[in-house]
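The values are calculated or read from the model by the stated rules, or taken from the named source; none is laboratory data. Since the model is a prediction, treat every value here as computed from it, not as a measurement. Positions of Cβ are generated from backbone atoms using ideal geometry, with glycine treated the same way; all protein chains shown enter the neighbour counts. We work out accessible area using only protein heavy atoms, side chains counted, and drop any ligands, DNA or RNA first. Shrake-Rupley method; radii C 1.70, N 1.55, O 1.52, S 1.80 Å.
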Amino acid sequence: MDQGGTSARRILIVRLGALGDVVHALALLDALRRAWPDARLGWLVEERNASVLAGHPQLDRLLVFPRRELSTLVWSGRLVAALRLAFGFLRELRAARFYLTLAALCNLLSSLLARLWGARRRIGFAPPYTKEKAHWLTTDRVVAPRGGQLKLERNLALLVALGIDGRGAVPRLAVPDEARAAARAFRAGVCAGELVALHPGVSGFGAIKQWAPERFAGLARRLFAERGTRCVVTWGPGERELGESIAAASGGAAFLAPETRSLQELAALYEVCDAVVGGDTGPIHLAAALGVPVVGLYGPKDPAIYAPFDTRRGRASQTVWKQVHCSPCRLRRCDDVICMPAIEVEDVTRALARALADESGEAALAAGALARG
């Protein structure tokens, strides 16, 4: 195949799934756009994370898989309507005429969609980085390195099939100017000193990854007592009550963040914070992709693979992981969660101090370089 041909450079990145997984795959978009500036690049994503990609300057087309709407129709017994929606979506995919797909998650749904809409070349992972035997639906099976490799780095291995060197590629986010202006106004009105965002929520599937609300409140009290730091508690759908409980228990050291109507608004809010602390969940990956210092709290998952990627520094963000006898694990439910309770407020305080010291140290180096110049 002529990889320089026009059709070969109509590429669709297929990354459904959770917010953190979408952010990890953004480096693929960066690498492709830098290697082939004139390529037509698209992305297939689910409704829940579409807003993080809206208006992205490196993206030509955003296609949204209506998983939630389809599920609602099926579960309500409206099967004819569900079939109409599914076939209509497939027609939209075919009309987009993407020649090649890159599946950052090689599972059955992603691979089946690529096959049904007629993509001629379908690049995915070989086992063990594939699910439900989906590799049988791909044309190119990339063998990724085994071992402790960040998911971002593993995703970039897909580019080997295209002869593209992904080194130096990073996740890039598009944050609208109006969201940034609103976030700066918010920051100016609430805190003149150090401001740290706490994100206590986790997805419904990841409940065992949640750090206790009382410890988030204890962290806020300690940071205020030791550093004069104020904490803002961010929250998503269904998490407001959790955020309010932490703010109430903090003794005034933390307050609830305003509602963010999109992931881009949440990103803008994180940009005006000095650091972000949270469990292994999408928002901390969002913050790290912006170059904001992050402390990730890990229990079941190994941060050598799942840690946020700090775009500004080109490496993994700070994490706290106690490595109890049963970790890492792949459980979604556990009757005896010991990994997250093993993380103490003192552990997080120290990790946050390191993250903030890195930030101030880099700022001082940059100022010194300017002065010397």
* Asked: By how many degrees, between 0 and 90 and to the nearest 10, does the Cα long axis of helix 345-372 differ from the longest principal axis of the chain?
  -> 80 degrees
* **Relative contact order [Cα under 8 Å, 6+ residues apart], the chain, whole percent** => 14 percent
* Structure fact -> Expressed per residue, the solvent accessible area of the chain in Å² (1.4 Å probe) is about 46 Å²
* Structure fact -> Counting Lys and Arg as +1 and Asp and Glu as -1 over every other residue whose Cβ sits under 11 Å from the Cβ of K322, the net charge comes to -2
* For region 258-269, just list the computed ³J(HN,Hα) in residue order, Karplus coefficients 6.51, -1.76 and 1.60, θ = phi - 60°, integers in Hz, with x standing in for Gly and Pro. => x, 5, 9, 8, 8, 5, 5, 5, 5, 4, 4, 5
* Structure fact -> If one builds a Gaussian network model of the chain from Cα atoms under 10 Å apart, the most fluctuating residue listed among R61, R261, R154 is R261
* Using the Cβ atoms and a cut-off under 15 Å, what net charge is assigned to the surroundings of R261, where Lys and Arg are +1 and Asp and Glu are -1? -> -2
* Structure fact -> One finds the C-alpha centres of region 20-88 and region 282-360 to be spaced, in Å, by 28 Å
* Asked: Short version: what are the Cα gyration tensor semi-axes of the chain, square root of 5 times each eigenvalue, largest first, in whole Å?
  -> 36, 24, 21
* Asked: Using a Gaussian network for the chain with springs between C-alpha atoms less than 10 Å apart, which of these wobbles most: L12, L116, L102?
  -> L116
* Which percent of the accessible area of the chain is formed by carbon and sulfur heavy atoms (probe 1.4 angstrom)? -> 53 percent
* Asked: For the peptides 138-146, 45-53, 15-23, what is the packing order when you average, over each peptide's residues, the other Cβ atoms within 10 Å and list the highest mean first?
  -> 15-23, 45-53, 138-146
* Using the per-residue mean of other Cβ atoms lying within 10 Å as a proxy for protection, in what order, highest first, do the peptides 216-222, 200-206, 64-70, 109-115 fall? -> 216-222, 109-115, 200-206, 64-70
* Asked: Which ³J(HN,Hα) values in Hz, rounded to whole numbers, follow from the phi angles of region 51-67 under the Karplus curve 6.51 cos²θ - 1.76 cosθ + 1.60, where θ = phi - 60° and Gly and Pro get x?
  -> 5, 6, 9, 4, x, 5, x, 8, 10, 8, 8, 10, 10, 10, 7, x, 4
* Structure fact -> Counting sequence-distant residues (5 or more places) and residues on other chains, those with an amide H built under 5 Å from that of V277 are A197, L198, H199, V295
* Using a cut-off of 15 Å between beta-carbons, work out the net charge of the residues near V74 (Lys and Arg +1, Asp and Glu -1, V74 not included). => +3
* Structure fact -> Phi-derived 3J(HN,Hα) across region 19-33 with the Karplus relation (6.51, -1.76, 1.60, θ = phi - 60°), rounded Hz, x for Gly and Pro, is 4, x, 5, 5, 5, 4, 7, 4, 5, 4, 4, 4, 5, 5, 5
* What order do you get for 75-82, 273-280 when each peptide is scored by the mean count of other beta carbon atoms within 10 Å, highest first? -> 273-280, 75-82
* Asked: So what is the 222 nm mean residue ellipticity for the chain from helices alone, if each DSSP H run of at least 4 adds -39500 (n - 2.57) and you divide by all residues, rounding to the nearest 500 deg cm²/dmol?
  -> -12500 deg cm²/dmol
